Amino acid sequence: MAKANTQTSNPDTPRHVAIIMDGNGRWARRRHLPRFAGHRAGLESVRKTIRACGEQGVEVLTLFAFSSENWRRPKEEVGLLMNLFLNALDKEVGKLHENNIRLRIIGDITAFSSEIQQRIVDAERLTCNNTALQLNIAANFGGRWDIAQSCRQLAARVAKGELSAEAITPELIHQGLSLAALPEPDLFIRSGGEQRISNFLLWQLAYTELYFTDLLWPEFDEAAFNEALLSFARRQRRFGRTGEQVEAERITHA
Ligand code: IPE
Ligand code: IPE
Ligand code: MG
């Protein structure tokens, strides 16, 4: 059932989860399959994760699908990934819309074929009024690119005389970032065992709780997602304050 999202009042549930879906290639290699089979299998984990977000009351899900560095992969793998992306846009967008899910693609989409760019525009337009899960797919995305493109917009305003250089603040830079309209990620998950950010959301992860799992992305399912949420619920987020201050506030608000 499609239902509108009401803001969760439970601070133990992350409003925004951001995921690096890593380990598809290794999953395939372990099965003596071509790497691409891992990418295809990973799509099922995406479906499971979207479902789990709906069940758990997560409002925003951001998935890293293709980094600005992934163009360095063999041409054949890049081509197959583009086809998978195009097919997914064709096949899945209708279902997302039925479930009241809003889709945004973040990243420099000008590098994609005109066919893909058109599908992206259509999908974003179709789902733009949906109010359940806010789903962001990061494609040809890089955290450094995101910060640079925001700064470029500010520099243009300075050059036109609309803004003084002294007026540039972290808030202004933030307003030009890809996810400016949405709450910052509360929980970051990376599958596949590596413990690095790989140029994902650099600015937005400043105070995000980090969670790493050795599961390869095609193995990631609802149980794995719920385990990450449990880990999140056990943490105390201090944002620079002392643990005692946070605890005192929690008691007053209870
Ligand atoms: C993540 O899986 C998917 C993309 C980067 C597109 P990988 O393809 O990086 O899988 P591993 O890390 O080689 O196992
Ligand atoms: C990060 O995974 C990018 C995506 C999951 C889309 P990579 O597999 O590209 O990361 P590195 O190269 O191991 O850091
Ligand atoms: Mg990888």
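The values are calculated or read from the model by the stated rules, or taken from the named source; none is laboratory data. On a predicted model such as this, the values are computed, not experimentally measured, just so you know. For neighbour counting, all protein chains shown are included, and Cβ atoms are generated from backbone atoms with ideal geometry for every residue, glycine included.
Give the residue that is nearest to residue 71 (Cα to Cα), with candidates limited to residues of the stretch 96-105 that are surrounded by fewer than 19 Cβ atoms within 10 Å (Cβ to Cβ) and in contact with a helix residue (DSSP H, G or I) (Cβ under 9 Å, 6 or more places away or on another chain). Show your work before the answer.
Within the stretch 96-105, the first condition is being surrounded by fewer than 19 Cβ atoms within 10 Å (Cβ to Cβ), and the residues that meet it are 97-100.
Going one step further and asking which of them are in contact with a helix residue (DSSP H, G or I) (Cβ under 9 Å, 6 or more places away or on another chain), we end up with 97, 99-100.
On the way: 97: 30, 99: 32, 100: 32 Å.
Per the criteria, the residue is 97.
Being in contact (Cβ under 8 Å) with a residue 60 or more places away in the chain, hydrophobic (A, V, I, L, M, F, W, C) and within 16 Å of ligand 3 (Cβ to nearest atom) is the filter here; which residues of the stretch 198-238 pass it? Across the stretch 198-238, the qualifying residues are 200, 215, 216, 217, 220. Does residue 92 meet the test of being under 19 Å from residue 138 (Cβ atoms), within 16 Å of ligand 1 (Cβ to nearest atom) and either modelled with pLDDT of 95 or more or not hydrophobic (A, V, I, L, M, F, W, C) (or both)? Answer is no for this residue. Considering only the stretch 166-211, state which residues are crowded, with 18+ Cβ neighbours inside 10 Å and within 16 Å of ligand 1 (Cβ to nearest atom). The answer is 188, 189, 190, 191, 192, 200, 201.
Checking each residue in the stretch 72-82 for being out of contact with any strand residue (DSSP E or B) (no Cβ under 8 Å at 6 or more places or on another chain) and either touching a residue at least 12 places away in the same chain (Cβ under 8 Å) or surrounded by 13 or more Cβ atoms within 10 Å (Cβ to Cβ) (or both) picks out 73, 77, 78, 80, 82.
Scanning the stretch 107-119 for residues that are in contact with a Leu (Cβ under 7 Å, 6 or more places away or on another chain) and of a type in the set (A, V, I, L, M) turns up just one, 116. Elements of the type helices (runs of 4 or more DSSP H) sitting completely within the stretch 1-105 and holding at least 3 residues that are under 17 Å from the mean Cα position of the chain (by Cα): these cover 35-56, 75-98. Based on what the data block shows, is residue 38 within 16 Å of ligand 3 (Cβ to nearest atom), in contact (Cβ under 8 Å) with a residue 60 or more places away in the chain and not hydroxyl-bearing (Ser, Thr, Tyr)? Considered against the rule, which asks whether it is within 16 Å of ligand 3 (Cβ to nearest atom), in contact (Cβ under 8 Å) with a residue 60 or more places away in the chain and not hydroxyl-bearing (Ser, Thr, Tyr), residue 38 comes out as yes. Just so you know, in the stretch 8-29 the residues that are charged (D, E, K, R) and within 16 Å of ligand 2 (Cβ to nearest atom) include one that is farthest from residue 140 (Cα to Cα), and it is 29.
For the residues 49, 127, 110, 62, the requirement of being loosely packed, with under 14 Cβ neighbours inside 10 Å and out of contact with any Gly (no Cβ under 9 Å at 6 or more places or on another chain) singles out 110.
Could we say that residue 132 is assigned to a loop (DSSP other than H, G, I, E, B) and aliphatic (A, V, I, L, M) here?
On the way: assigned to a loop (DSSP other than H, G, I, E, B): yes; aliphatic (A, V, I, L, M): yes.
Yes.
Tell me yes or no: at least one residue of the stretch 10-17 is closer than 24 Å to residue 201 by Cβ, touching a Gly at 6+ places or on another chain (Cβ under 8 Å) and surrounded by 13 or more Cβ atoms within 10 Å (Cβ to Cβ).
Just the residues of the stretch 10-17 that are closer than 24 Å to residue 201 by Cβ, to begin with: 10-17.
Restricting the remaining residues to those that are touching a Gly at 6+ places or on another chain (Cβ under 8 Å) gives 10, 13.
After this cut, where a residue has to be surrounded by 13 or more Cβ atoms within 10 Å (Cβ to Cβ) as well, the list is 13.
Checking the stretch 10-17: at least one residue is closer than 24 Å to residue 201 by Cβ, touching a Gly at 6+ places or on another chain (Cβ under 8 Å) and surrounded by 13 or more Cβ atoms within 10 Å (Cβ to Cβ).
Among the conditions (1) in a loop (DSSP other than H, G, I, E, B); (2) under 24 Å from residue 200 (Cα atoms), the only one that residue 148 does not satisfy is (1).
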